[in-house]
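A quick write-up on the structure given underneath.
The values are calculated or read from the model by the stated rules, or taken from the named source; none is laboratory data. In this text the structure is predicted, and so the values were computed from the model without any measurement. A quick note on method: Cβ atoms are made from the backbone with ideal geometry, for glycine too, and the neighbour counts reach across all protein chains shown. For accessibility, only protein heavy atoms count, side chains too; no ligands or nucleic acids. Shrake-Rupley method; radii C 1.70, N 1.55, O 1.52, S 1.80 Å.
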Amino acid sequence: SETLISMEKIDIHEFEYQLHIRSLRMEDFEQLVSMQKICFPGMQVWTRENSENQLSRFPEGQIVVEIDDRLVASSGSLVIDSEDFDMNMSWDEVCDHGNIGTHDPEGDTLYGMEIMVHPEFRGMKLATRLYEARKELVRRLNLQRIVIGGRLPGYRNYRDKMGISQYVDRVTSRAIF
């Protein structure tokens, strides 16, 4: 004998979300800063002036992922000339302390200065989507390469005492200070 189980119909649309990849807007500023505080605790967040400068100098380089009208990931970039770039330059020097006054529309390299994904949305390949958007931007602008930079919390206090690799090794092994 067979037993039939009656199941309630499920509307799978209830479980869908709306994902959009788009350019950052000033209206996003509060959500962006809130996400920075969560993703990079203890680090200095963007000021309104930083965001205004980024958007006025290179709006297409400031990309966000939005899910159901909530900012959940972002990446910031600028264009540099590889001949002016020195691997020993600090993040602040390359990025003009986040103001991207160093952005060179005639440059040949996209410099990724920041990328973040809200912890609640990690594991959804959102960083991959942001990198794909960066690659598309490089193709559209006919740039030669992408270089990724990042801020190292606390490194400025030890810059004169050790190189970046030594600092990272010591921090990751918890043998620092």
Handout entry: Failed condition for G42, given (1) modelled with pLDDT of 95 or more; (2) loosely packed, with under 12 Cβ neighbours inside 10 Å; (3) part of a loop (DSSP other than H, G, I, E, B)
Key = (1)
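Applying the selection to segment 95-127, what residues are among the aliphatic types (A, V, I, L, M) and surrounded by 18 or more Cβ atoms within 10 Å (Cβ to Cβ)? Before you say what the answer is, go through the steps one by one.
Looking only at segment 95-127, we keep the residues that are among the aliphatic types (A, V, I, L, M), and these are 100, 110, 113, 115-117, 124, 126-127.
Of everything in segment 95-127, those that are among the aliphatic types (A, V, I, L, M) and surrounded by 18 or more Cβ atoms within 10 Å (Cβ to Cβ) turn out to be I100, L110, M113, I115, M116, V117, L126.
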Problem - Failed item, numbered, when K161 is tested on (1) crowded, with 16+ Cβ neighbours inside 10 Å; (2) of a type outside the set (F, W, Y); (3) not in a helix (DSSP H, G or I) - result: (1)
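Filter segment 124-155 for residues that are out of contact with any strand residue (DSSP E or B) (no Cβ under 9 Å at 6 or more places or on another chain) and at pLDDT below 95; which is farthest from Q31 (Cα to Cα)?
So the residue we want is Y155.
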Practice task
Report yes if M35 is open to solvent by 30 Å² or more (accessible area, probe 1.4 Å), out of contact with any Gly (no Cβ under 9 Å at 6 or more places or on another chain) and either among the aliphatic types (A, V, I, L, M) or touching a residue at least 60 places away in the same chain (Cβ under 8 Å) (or both), otherwise no.
Solution key: no
Fill in the blank from the handout: Of the residues in segment 92-120 that are part of a loop (DSSP other than H, G, I, E, B) and under 17 Å from the mean Cα position of the chain (by Cα), the one that is farthest from L143 (Cα to Cα) is H118
